[in-house]
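Each reported figure results from applying straightforward, stated rules to the coordinates on display, with no laboratory input. Being a predicted model, the structure only gives us computed values, none of them experimental. Reconstructed Cβ throughout: ideal geometry from the backbone, glycine too, with neighbour counts over all protein chains shown.
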Amino acid sequence: MSVELLIGSRDAEHLAIEVLGRERPGDSDYWDGNWVIADIDLVAGGFRGRVKASLRMDEVHRLNEGLKFMRDNLFGAAMLESMEDWISLEIKCDAAGRLTVVGELRDQSSTGNVLTFGLPEKDQSYLAEWIACLDAMEQEFPVVGKP
């Protein structure tokens, strides 16, 4: 089963991160067991990018915690920084509830081409949907072990 976070709309500018499964389904330690395979699809302005990336569920968890903080406090930032530099994503919320989404996407781990992007501004009403998607992702692929 796969689960997806969609920021934006499929028929417009968007970032979609779909977790397809664990890289090492049999591993249960923190360092090896939290790697997942993800399809990342980006449409920003006239640019389109799609990569298959390795992410860690603890990285996804930190993004989700940041979004929950913004939902509860109407300020702050949530980040997804992949260990292997596939994606760098920052979502910021200002006091008026406006969300800005910016980042970078690479076509190879730590090297290769980099697409720097910004998506159209959203408002805080999107946070609940994004959090629900990430909660489902974490339920399907929970963080295992302790560092």
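Cross-link check: pairs 68/92; 52/122; 68/122 evaluated at a Cα-Cα cut-off of 21 Å; pairs beyond the cut-off: 52/122. The alpha carbon centroids of the stretch 69-83 and the stretch 116-145 are separated by 10 Å.
Could you compute the longest span of the chain free of GluC sites (Glu not before Pro) located in DSSP loops and having at most 16 other Cβ atoms within 10 Å, not counting the site residues?
Of all site-free stretches, the longest is 85-147.
Dimensions of the stretch 1-138 from C-alpha coordinates, computed as largest minus smallest value along each principal axis and given longest first, are 45, 33, 24 Å.
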